[in-house]
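*Asks:* Quick one: structure below, then a few questions.
Here, each number is a calculation from the coordinates, and none is a lab measurement. The structure presented is a predicted model; accordingly, all values stated were derived computationally and were not measured. Every residue, glycine among them, receives a Cβ derived from its backbone with ideal geometry; neighbour counts consider all protein chains shown.
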Amino acid sequence: MHGHAFQITEYGPADLPVADDRAPTNITISTAAAAPVKRDTMVIPEYYYIKVRFRADNPGIWLLHCHLDIHFAMGMALAIVEAPDVLQKSLHVPPEMYSLCHQQKIPVSGNAAGKKGLDFTGFRPPPVVVERNSSQT
C-alpha cells in the first residue's frame, strides 16, 4: 500500500464456496495483538483475506495492488482517495490530462462514472481477462 505503513489486524481463509484442492481447510482465523507490527507490504495466500488498519493522515490518491501483472489486469488493485476535500483545494490537474480524457470520452468531474454521489449508471465495465489453458495454442 503506497503512502502508508499499515498493520494487519486479521487474516484467514476466505469464506467462499471454492472447489479447488488448493483452498485452505480447517484453518482458523488469526487476529493480531493490540499493537501489531507496522509494515508496507504483505503476502496473501490463495483464497485468503486480510484486514488492515492504517492512519489516514497523508492526503492523496494511494494505490493498493498486487505486483503480478495478470492480477493487476484482473482488477486486483484499488485506489484509496484520502482526504478528497484537501485534495480538491491543493491538487491541480494539467490541462493536457483533461484533453486525454475528453478524447476517450472519460468524464473529468464527478465519481468514476462522471455522476454525483453513488450513481454509477453508465460506468464502463473493466476489461475482461481471458485465461488460456494449456490445451490452447
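*Asks:* Just to verify a number: FRET efficiency for ILE44 and VAL86, C-beta to C-beta distance, R0 = 30 Å, to 0.05? Walk me through the intermediate numbers first.
*Replies:* Details: r = 30 Å, r/R0 = 1.01.
For R0 = 30 Å, the calculated efficiency reads 0.50.
*Asks:* Check each of the trypsin sites (Lys or Arg not before Pro) in the range 43-86 and keep only those in coil by DSSP with at most 14 other C-beta atoms within 10 angstrom; list them in order.
*Replies:* On the way: sites: LYS51, ARG53, ARG55; in loops: ARG55.
Listed in order of number, the matching sites are ARG55.
*Asks:* Something else: Mind checking which lysines have their C-alpha under 19 Å from LYS38, skipping anything on the same chain fewer than 8 residues away?
*Replies:* Those lysines meeting the cut-off are LYS51.
*Asks:* Same structure, new question: Starting from the Cα of LYS105, draw a straight line to each of the lysines and keep only those under 30 Å, dropping any in the same chain fewer than 8 residues away.
*Replies:* LYS89, LYS115, LYS116
*Asks:* On full extension of the chain, what length is gained from ALA113 through ALA77, given 0.36 nm per residue of separation minus the C-alpha to C-alpha distance?
*Replies:* Working: separation 36, 0.36 × 36 = 12.96 nm, distance 1.79 nm.
Separation in residues times 0.36 nm, less the Cα-Cα distance, equals 11.2 nm.
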